1. Evaluate the following for residue 263: is it assigned to a helix (DSSP H, G or I), out of contact with any strand residue (DSSP E or B) (no Cβ under 6 Å at 6 or more places or on another chain), within 30 Å of residue 388 (Cβ to Cβ) and of a type in the set (Asp, Glu)?
2. Quick check on this structure: which one of 246, 193, 264 is under 28 Å from the mean Cα position of the chain (by Cα) and not β-branched (Val, Ile, Thr)?
3. Scan segment 343-386 residue by residue and report those that are in contact with a strand residue (DSSP E or B) (Cβ under 7 Å, 6 or more places away or on another chain) and over 20 Å from residue 404 (Cβ atoms).
4. Please indicate, with yes or no, whether at least one residue in segment 303-318 is over 28 Å from residue 256 (Cβ atoms) and either within 22 Å of the chain's Cα centre (by Cα) or not assigned by TED's automatic domain parsing to the domain that holds residue 52 (or both).
5. Restricting attention to segment 429-447, which residues are surrounded by 15 or more Cβ atoms within 10 Å (Cβ to Cβ) and under 13 Å from residue 460 (Cα atoms)?
6. Has segment 387-394 got at least one residue that is touching a Phe, Trp or Tyr at 6+ places or on another chain (Cβ under 9 Å), surrounded by fewer than 20 Cβ atoms within 10 Å (Cβ to Cβ), of a type in the set (Lys, Arg) and free of Cβ contacts under 8 Å to residues at least 40 places away in the same chain?
7. Taking into account only those residues within segment 174-210 that are part of a loop (DSSP other than H, G, I, E, B) and of a type in the set (S, T, N, Q), which is nearest to residue 324 (Cα to Cα)?
8. Starting from residues that are buried (at least 17 other Cβ atoms within 10 Å of the Cβ) and not in a loop (DSSP other than H, G, I, E, B), keep the ones in segment 74-96 and report whichever is farthest from the chain's Cα centre (by Cα).
Amino acid sequence: MKDLFFRENVLDILDYLEEGLHIIDKNGIIVYYNKFAQGIDGIDREKVIGRHLLEVYPSLTDETSTLLTVIRTGEPLYKKEQTFINYKGEKITTINTSIPIKSKGRIVGALEISKDITTVRQMSEKIVELQDKLYNKKQKPSTKKTNESAEYTLLDIIGEDKEILRLKSIVLKAGESDISVLVSGDTGTGKELFVHSIHNVSHRSSKPFITQNCAALPANLLEGILFGTIKGGFTGAEDRPGLFELAHGGTLFLDEINSMPLELQSKLLRVLQDGNIRRVGATNTIKVDVRIIAATNIPPEEAIEKRQIRKDLYYRLNVLSLEIPPLRERKGDIPILVNYFINKFNKKFDKKVENISNEVLNIFNNYDWSGNVRELEHLLEGIISISDKKILEVEDLPYKFKKYKKETIPNLSLTEILETTEKEIIKEALGKTDNNITKTAEILGIPRQTLQYKIQRLKL
């Protein structure tokens, strides 16, 4: 009988249940997620195991999550209705039975059985599928080649920091409207992850998502790229649609907009005001339906002060703002990010790294991470690519990290520490005076007899 209930057999059986099954530990980390739950949420379970529940379901909170409520209260919940928005922006309603898991009277986790009652889900997905087919059928060949897709979703934003979770919940709400969004943050903080996620949770998710970096491009070239050109508009010009036309119905992401020439910003402002664009050299206008999301790599207020962004454009873009915190302000996420990148690069390089040492973690916590999450990612990629270790140690780090290593306090009593310190100070003073007792006593500011007594007691 016991052979029927090996762990592998039980997990296989649970995958055949026609109800979703979640199991979390006492800290809210997802430890099991069956196939039916994967189908309800539309999430690959390999991406959720080991992550905090609120990181995967940012529309929930400690209070609204039935699983976390059970962990907090220790009391089971039966047939409790819960509505949340998944990472695709779909509203899901389930009936949950949530039970605390206890060991020796202590809560060690919770189990939840979920029944999907979102009866219109399949119908809505079918409508989206038909719309997508209709859209792709209407696209011109040149447009298809230019279209980009938003690659990242909320699941790609790693972290349990309160501000990160708050921003993820704002992303879900931003997906419900077409308002302009201004995203700011230092280089490497992951602004593009949030921008992609906004598009992917919106009703525009099946339409084009196009990115243009505004840095290092002269005004006339960038103008042609954004608004398009007509044949004869200038020497060598051809009939080409701009990014606004290519993004029609979807989202246009203008990165580093603070680098866009000011004269071009005024033309962008007119598009935001009336939704019309004019190709370079043309006299007629074209109506476009495009959501604009812009990003700056410095605080917007600083960009205005430096005359890098027009005030009127700023107010038009800043209907909703997201300020992504630098890694130095969310260092509690470093272990989570390290674990994520280790798993990522183990797969890429076929390695078996398991973790970093406590000493390395201490260094990471003391380092300022001017390059933010991207710097951490590239650092671990380089180390793991050439490492054969299971645990990464201090000697595996580049030299510049060594100075951030904190000296450990020796396991001595306070008396022993004071005596050792006193001995070192007297030795240094004696060295400066060639062991002249009178001069050394003067340097230390103590009587000659006191110094002689200390030299004898400390055996110098």
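The values are calculated or read from the model by the stated rules, or taken from the named source; none is laboratory data. It should be emphasised that the depicted structure is a prediction, and the values quoted were computed from it without experimental measurement. With ideal geometry, Cβ positions are generated from the backbone for all residues, glycine too; neighbour counts draw on all protein chains shown.
1. No, not satisfied.
2. Only one candidate qualifies: 193.
3. Taking segment 343-386 as the starting set, the residues that turn out to be in contact with a strand residue (DSSP E or B) (Cβ under 7 Å, 6 or more places away or on another chain) are 353-357, 360, 383.
Correct list: 353, 354.
4. Within segment 303-318, not a single residue is over 28 Å from residue 256 (Cβ atoms) and either within 22 Å of the chain's Cα centre (by Cα) or not assigned by TED's automatic domain parsing to the domain that holds residue 52 (or both).
5. 429, 430
6. No: zero hits.
7. 189
8. 77
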